[in-house]
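What follows is a single structure, written as structure tokens, with notes after it.
The values are calculated or read from the model by the stated rules, or taken from the named source; none is laboratory data. These numbers come from a predicted model, not from an experiment. The accessibility values were calculated without ligands, DNA or RNA, using every heavy atom of the protein model including side chains. Shrake-Rupley method; radii C 1.70, N 1.55, O 1.52, S 1.80 Å.
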Amino acid sequence: MAVPKVLLYYAFAPVADPEAVRLWQRDLCEGLNLRGRILISKHGINGTVGGDIDNVKMYLRKTKEYPGFKKMDAKWSDGTGLDENGQSLDFPRLSVKARSEIVAFGVPDEIEVNNKGIVGGGTKLKPHELDALVEERGDEVVFFDGRNAWEAEIGRFKNAIIPDVKTTHDFVRELESGKYDHIKDKPIVTYCTGGIRCEILTPIMKARGFKEIYQIDGGIVRYGEARGNQGLWEGSLYVFDKRISMDFAPDVALIGTCVCCGTKSNHMINCADKMCREQMVVCEECAAVDVFCEEHAKVTA
């Protein structure tokens, strides 16, 4: 029986010819009937793919054969299903691209990678190490969200700082604004979905004077898998596929607020304007009709 799975992964390693790796990855995924999104740059690879579990396992095995990708950080989750062709329902298509960065912070020349990964990143903490740090140093510890601000609407670490960013390109501007100078000497724990954004965010922060920087090894996914609803994480995790969100245990706390009716929800949708990429918390009942973001609601009024 076919079992749908989604694989989230990345590896930082020098890639001499990103275009050649792109062609190989595209052919590999097409041969295994996989859909998803993959980015390759001179710094490594970043992707999410879905399909039948046996095909996804074969994909991971083959990708790890590439020099530098052997120790790839890979995380598994359940897919919602497969279509009549055996392809993932969680992704509309397969997209494999070569870019200057595998996460678009806009500073490709700042990032240094060797055969051990990112150079100069934050100290990685496993779930129990993070809990121990908070237990030992209490309110001194600052959680710093490394995602787009709207992702935090449905889930975040308790008392975290949520930077005012809509895309990763906004982070450098935000860090250089002076807003966070008061925490430069504090222990800062950065976090993001699977850990990759923090791999780049942490050296960027250190280069701008933040002294004691940590990152969660494996990101929110690894922490949630270990702690469920019992740890420092609150709410649901936003994911970039048709599932929209995922929970780590039943009966998760709903911390998002529907922009239409004010009820608690972890359901998110795009603005109904086709040219807008704004994401909003909208409960499933209110989502039955078109909902526009604040900017485009004024236009349609």
> By a straight-distance test (C-alpha under 27 Å), which lysines pair with residue 64 as possible cross-link partners, with residues fewer than eight away in the same chain excluded?
Replying inline: 5, 42, 75, 97, 116, 124, 126, 242
> Quick one: Karplus J couplings for region 89-96, per residue in order, coefficients 6.51, -1.76, 1.60, θ = phi - 60°, nearest Hz, x for Gly and Pro?
Replying inline: 7, 7, 9, x, 6, 9, 10, 10
>> Shape verdict for region 152-301, please, from the Cα gyration tensor: rounded (a/c under 1.5), prolate (a/b greater than b/c) or oblate.
In response: oblate
>> Springs between alpha-carbon pairs under 10 angstrom, Gaussian network model over the chain: which of 225, 285, 84 fluctuates most?
In response: 84
>> Tell me the volume per residue, in Å³, of the convex hull enclosing the alpha carbons of region 40-133.
In response: 149 Å³
> What shape does the chain take by its C-alpha gyration tensor, where a ≥ b ≥ c are the square roots of the eigenvalues and a/c under 1.5 counts as rounded, a/b above b/c as prolate, and the rest as oblate?
Replying inline: rounded
>> Suppose we keep just the alpha-carbon trace of region 47-87; what are its Rg and Dmax in angstrom?
In response: 11.6, 36
> Carbon and sulfur together cover what percent of the accessible area of the chain at a 1.4 Å probe radius?
Replying inline: 49 percent
